[in-house]
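Take a look at the structure below.
The values are calculated or read from the model by the stated rules, or taken from the named source; none is laboratory data. Just so we're clear, the structure is a prediction, and the values are computed from it rather than from any experiment. Methodologically, a virtual Cβ is constructed for each residue, glycine included, from the backbone with ideal geometry; neighbour enumeration extends over all protein chains shown. The protein model used for the area step is the full one, side chains on, heavy atoms only, and it has no ligands, DNA or RNA in it. Shrake-Rupley method; radii C 1.70, N 1.55, O 1.52, S 1.80 Å.
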Amino acid sequence: MAKDFDWMEDSNRSANDSIHVVSDPARRLWVQGGLAGLVATLLPLPFAGCASSGAGGGARLGFKSIPTTAQDTMVVPEGYTAVAFVPWGEPVGVPGALPAWKPDASNSAAEQAVQMGMHHDGIHFYPIDGSSARGLLVMNHEYTDDGLLHPDGMKTWSAEKVRKAQAAHGVSVVEIEFKNGRWQAVLPSKFARRFTAYTPFAVSGPAAGHALMKTAADPSGLRVLGTLNNCASGMTPWGTYLSGEENWAFYFDGPDKPDADQARWGMRKASSYRWAEHDERFDAKKHANEFHRFGWVVEIDPFDPASLPVKRTALGRAAHEGAWIATTKDGRAVVYSGEDAVFEYIYKFVSRDRIAPGGAKANAMLLDHGTLYVARFDSDGSGRWLPLVHGQGPLTAANGFADQGAVVIRSRQASDLLGATKMDRPEWLAIDQQARTVYCTLTNNSSRGAKDMPGVDAANPRANNVMGQIIQWTEDGDFDSTTLRWKHLLLAGDPANERVEARGNIRGDLFACPDGLTLDARGVLWIQTDMHASQMYKGEMKGFGNNQMLACDPNTGEVRRFFTGPVNCEVTGVALTPDGRTMFINIQHPGETASDRSDPAAPAKYSNWPDYLPGGRPRSATVVIRKKDGGVIGS
């Protein structure tokens, strides 16, 4: 989700430097001397973007870019096809439970619990026996639009509606196959599964059994019901799925005056989701520790339908956009993650042990032991990973950190004390394993330079940063290094904008609000955008049209537009089959409203994609993209 929720996400009042204060002088793209100098540096110049990838040379973009559009449809380049697939409400294929989608939204909570969830997001393809024609799609369902989920929206409210909303959250596992020239779901399937806001999850790592994790319903602190606000995701080398619990704080009703810890995590007096009215565990006045049991990276074994999913607390608690894995030369796992919130942080976790052969079961404890770090970016283009380890530096009992469990539960406060760098909403990451380079989308931050907020200076004057940018860094040595070198990859924007801070420096097709990101096997960096409905088609955003996906050639720095989605959607999540001939992407919240909640009396006011049924409603869905000649995507 890339809406700049500064009014409810901005809880970082630490005095730490922001990324704009410490922009690398050699790469910051702005000069002393005011706006005239800034304009000069944003005119055509050698591309400051995509560094050379380890994927070889030559032109990588073999398609003709497409124009922007504001139509309620999807567009791909000439020679490609795009087909909507497994939308919200379709059965996932649980044996004996295949309820059909009802276009009037009258499916029950029990039916929704075995149907595709709402608001598709991060996605991965898990081949079965190495096949590019049969596998499992595993995907997140970030949040719900209750105006679409129920026939009368929230006009009336009930325990059944809460239960249905909770069932529409979480993760889906669906088996698919390429048969008779098209992809289709396998129904039923022994692998099919839904994880919802009331699925049991084990707790592992330093916070397992911690006093701050114990509740009346779970005095052990070892079993949590549910996962929610799942955004981006990562695939592990041992075959499991990592999903980030993002803006969980917005689901809780808090006290009239939150305490300092609750306020640091953005707790509000009342949640717009209204779950606490019928599920009191989301009432922090009654169950304060339930709040600590969300905000984790969860691990799922998609090939074992009987396995218990796990919240991996050693990776730290955060508004996790997602989690992405690199591997050190000696075979240890390194997990990178960022927080989708203004002025928050970028983290990495380095496992103590090596990845073992034998898949998920052989690595069941791998992410429970290791070192968690938070990033600091310095003004000379260097950076440092600061260890979030109890007893080191200020992370002591005297400062409120009695043990490592307290450090990971209060990772924001620990990062504040260490002096980590405040970022402009770090979201998705992509990793070049060979070059040891990591890319991260910084989606936007309109609070930059606002009253009482971190300001700007000659080093980086992107005040009111509504456009966003992509940063990259290369680890010194191996992925477990504690030092790095960083620079900006590119600054999003439109050179036609009057305000210089909104112009950017893109070489090729323009975009704003970079969000989803992946690096494919050929070295193409795929960039997805998420301008919000409240921003689009007007002002500084008027030139961008609908949200889109673009490709960046790391050799030339060229950016080409590859896909545009329907009206007011977010384009998010991307996965490819091993042969590179099928790409899966997700379309989230087509027809989104400025308030994020649709009018149940007019559910198709802005979009009726993908069904276009009379009296229908828009549905999030996966899109299958293929070349008509069966070739590799992007070639």
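Some points to look at:
- Inside the range 436-458, residues that are at pLDDT 95 or above and open to solvent by 30 Å² or more (accessible area, probe 1.4 Å) make up a count of 1.
- Number of residues in the range 351-394 that are open to solvent by less than 20 Å² (accessible area, probe 1.4 Å), aliphatic (A, V, I, L, M) and closer than 16 Å to Met235 by Cα: the value is 2.
- Count of residues meeting criterion [outside any strand (DSSP E or B), touching a strand residue (DSSP E or B) at 6+ places or on another chain (Cβ under 9 Å) and either among the small types (Gly, Ala, Ser) or farther than 28 Å from Arg134 by Cα (or both)] in the range 570-589: 0
- Meets criteria (within 25 Å of the chain's Cα centre (by Cα), open to solvent by less than 10 Å² (accessible area, probe 1.4 Å) and not small (Gly, Ala, Ser)) for Trp275: yes
- Strands (runs of 3 or more DSSP E) wholly inside the range 439-550 containing at least 1 residues that are among the basic types (Lys, Arg) and either over 23 Å from Lys422 (Cβ atoms) or touching a His at 6+ places or on another chain (Cβ under 7 Å) (or both): none
- The residue that is nearest to Gly153 (Cα to Cα), counting only those in the range 614-629 that are in a loop (DSSP other than H, G, I, E, B) and touching a Pro at 6+ places or on another chain (Cβ under 6 Å), is Arg617.
- Output for the range 134-187, where each listed residue is closer than 30 Å to Thr577 by Cα, acidic (Asp, Glu) and buried (at least 24 other Cβ atoms within 10 Å of the Cβ): Glu142
- One residue alone among Leu228, Leu222 is at pLDDT 95 or above and open to solvent by 20 Å² or more (accessible area, probe 1.4 Å), and that residue is Leu222.
- Failed item in (1) open to solvent by 20 Å² or more (accessible area, probe 1.4 Å); (2) of a type outside the set (Lys, Arg); (3) assigned to a strand (DSSP E or B), with Pro95 passing the rest: (3)
- The range 313-327, subset touching a Gly at 6+ places or on another chain (Cβ under 6 Å) and of a type outside the set (Gly, Ala, Ser), residue surrounded by the most Cβ atoms within 10 Å (Cβ to Cβ): Glu321
- Positions within the range 274-294 being in a helix (DSSP H, G or I) and of a type outside the set (A, V, I, L, M), in sequence order: Trp275, Glu277, Glu280, Arg281, Phe282, Asn289, Glu290, Phe291, His292, Arg293
Each row is one residue, and each column tells you yes or no for (1) basic (Lys, Arg); (2) open to solvent by less than 10 Å² (accessible area, probe 1.4 Å).
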position: Arg561; (1), (2): yes, no
position: Pro566; (1), (2): no, yes
position: Cys569; (1), (2): no, yes
position: Phe584; (1), (2): no, yes
position: Gln588; (1), (2): no, yes
position: Ala594; (1), (2): no, no
position: Pro600; (1), (2): no, no
position: Ala604; (1), (2): no, no
position: Pro614; (1), (2): no, no
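- Taking strands (runs of 3 or more DSSP E) as the structural unit, those lying wholly within the range 306-416 and holding at least 2 residues that are over 19 Å from the mean Cα position of the chain (by Cα) and of a type in the set (A, V, I, L, M, F, W, C) correspond to 370-377, 382-387.
- Residue that is farthest from the chain's Cα centre (by Cα) [pool: residues in the range 602-615 that are touching a residue at least 24 places away in the same chain (Cβ under 8 Å) and farther than 17 Å from Thr144 by Cβ]: Gly615
- Members of the range 534-559 found to be buried (at least 21 other Cβ atoms within 10 Å of the Cβ) and over 21 Å from Asn497 (Cα atoms), listed by number: Met549, Ala551, Cys552, Asp553, Pro554
- Residues (of a type in the set (Val, Ile, Thr) and in contact with a Lys or Arg (Cβ under 9 Å, 6 or more places away or on another chain)) located in the range 305-328: Thr328
- Within the range 408-432, residues that are under 18 Å from Trp265 (Cβ atoms) have Cβ atoms under 9 Å from residues that are of a type in the set (Lys, Arg) and open to solvent by 10 Å² or more (accessible area, probe 1.4 Å) in these pairs: Arg410/Arg264; Arg412/Arg264; Gln413/Arg264; Asp416/Arg13; Asp416/Arg264; Leu418/Arg376; Ala420/Arg376, counting only partners at least 6 apart in sequence or on another chain.
- Hey, Asp403 modelled with pLDDT of 95 or more and open to solvent by less than 40 Å² (accessible area, probe 1.4 Å) or not: no
- Positions within the range 584-635 being of a type in the set (Asp, Glu) and more than 28 Å from Phe250 (Cβ to Cβ), in sequence order: Asp611, Asp629
- Reported count of residues in the range 419-435, each being open to solvent by less than 10 Å² (accessible area, probe 1.4 Å), outside any loop (DSSP other than H, G, I, E, B) and of a type in the set (A, V, I, L, M), is 3.
- In the range 69-82, the residues that are within 12 Å of Phe563 (Cβ to Cβ) form Cβ pairs under 8 Å with partners that are in a loop (DSSP other than H, G, I, E, B) and among the polar types (S, T, N, Q), at six or more places apart or across chains, as follows: Thr69/Asn546; Val75/Thr69; Pro77/Ser65.
- Taking the numbered list (1) under 30 Å from Gly147 (Cα atoms); (2) in contact (Cβ under 8 Å) with a residue 12 or more places away in the chain; (3) surrounded by fewer than 24 Cβ atoms within 10 Å (Cβ to Cβ); (4) not small (Gly, Ala, Ser) in turn, Asp330 passes all entries but (1).
- Some residue of the range 459-480 being surrounded by fewer than 20 Cβ atoms within 10 Å (Cβ to Cβ), over 17 Å from Ala326 (Cβ atoms), out of contact with any Lys or Arg (no Cβ under 7 Å at 6 or more places or on another chain) and among the hydrophobic types (A, V, I, L, M, F, W, C): no
- Of the candidates His141, His210, His150, the single residue that is touching a helix residue (DSSP H, G or I) at 6+ places or on another chain (Cβ under 8 Å) and under 22 Å from Gln588 (Cα atoms) is His150.
- Any hit, the range 149-172, residues being more than 30 Å from Phe252 (Cβ to Cβ) and within 23 Å of the chain's Cα centre (by Cα): no
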